[in-house]
C-alpha cells in the first residue's frame, strides 16, 4: 500500500534555531500534502495544505513566515519551523493525497515528528 | 469552514462490551467521513470510512452509520478487546475546491478494561 516516509521521527533543537521535517511518498505521487500539528492529548490541527509546484495555503492563525512549506515535487514536501521556540514543541505529522485516487480520498499519513525545543 | 464535534471525550468499557462514539459535522457539503485509531506517539490509522451516499458500513467488529439529514455519524465497536484501547478520531472531508482537506474531531480516549 501507499507509504509516506517522514523524517526525522524525533528532534531536539535549541530555541532560535530552525528545523526541517521531510515527508516523502514512496510509491505514489502526492498531489497534495497536508501538514498537521498535534499537542499532547489533543486533536490533529491542520496547519497548511500544499500542492506540488504552488504556494501552500495556511490555516487561519498559522504564521506562514514561521512554518515554511515547500512542495517542489510530487514525492517530497518539507516543513521548516524557523526560529523555533519552546511553544512550538509538538507532534508534527504530514498526510499525502494520492494523485491517482479518482475520488480524492486516498490519505496516507507519515509517522510523525516529535519536536522538542529547549 | 467545517466543524466536527465528537463525544464522548473519554469512554471506558469492559472487555466484550460495545462502544459507541458519536460525531456531528456542520458543513452539509462534506461527503467523506473516516474514522482513525491513534496509539500514543503513532500515526493515525484508518479503521473505517463512509461516504455520503451510504447510510451504514460494517467491517467485522466495527461499523459506522451516517445520518446526512441530522449531519451526524457514529462509530460502533462490538465485542471490545483490550487492544482496542486507543484514541479514536472522526473526521469529515469536503471535496469542494479540489483540496479534500480533513477536519478532525477532538478525539475519544477509549479504554477497554480486561
Working carefully through the options A:60, A:6, A:38, A:42, find the one that is within 21 Å of residue B:38 (Cα to Cα) and without any contact (Cβ under 8 Å) to a residue 40 or more places away in the chain.
-> A:42
What residue, of B:55, B:41, is free of Cβ contacts under 8 Å to residues at least 24 places away in the same chain and closer than 18 Å to residue A:43 by Cα?
-> B:41
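Yes/no per residue for (1) at pLDDT below 95; (2) touching a helix residue (DSSP H, G or I) at 6+ places or on another chain (Cβ under 6 Å); (3) buried (at least 21 other Cβ atoms within 10 Å of the Cβ); (4) in a strand (DSSP E or B):
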position: B:63; (1), (2), (3), (4): no, no, no, yes
position: B:74; (1), (2), (3), (4): no, no, no, yes
position: B:80; (1), (2), (3), (4): no, no, yes, no
position: B:83; (1), (2), (3), (4): no, no, no, no
position: B:91; (1), (2), (3), (4): no, no, yes, yes
position: B:97; (1), (2), (3), (4): yes, no, no, no
position: B:106; (1), (2), (3), (4): no, no, no, no
position: B:109; (1), (2), (3), (4): no, no, no, yes
position: B:112; (1), (2), (3), (4): no, yes, no, yes
Looking at (1) touching a strand residue (DSSP E or B) at 6+ places or on another chain (Cβ under 9 Å); (2) in contact (Cβ under 8 Å) with a residue 12 or more places away in the chain, find the lone condition where residue A:83 falls short.
-> (1)
Determine if region B:26-45 includes at least one residue that is more than 10 Å from chain A (Cβ to nearest Cβ), in a strand (DSSP E or B), in contact with a helix residue (DSSP H, G or I) (Cβ under 9 Å, 6 or more places away or on another chain) and buried (at least 21 other Cβ atoms within 10 Å of the Cβ).
-> no
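The values are calculated or read from the model by the stated rules, or taken from the named source; none is laboratory data. Quick caveat, the model's predicted, so the values are computed rather than measured. Virtual Cβ from ideal backbone geometry, glycine too; neighbours counted across all protein chains shown.
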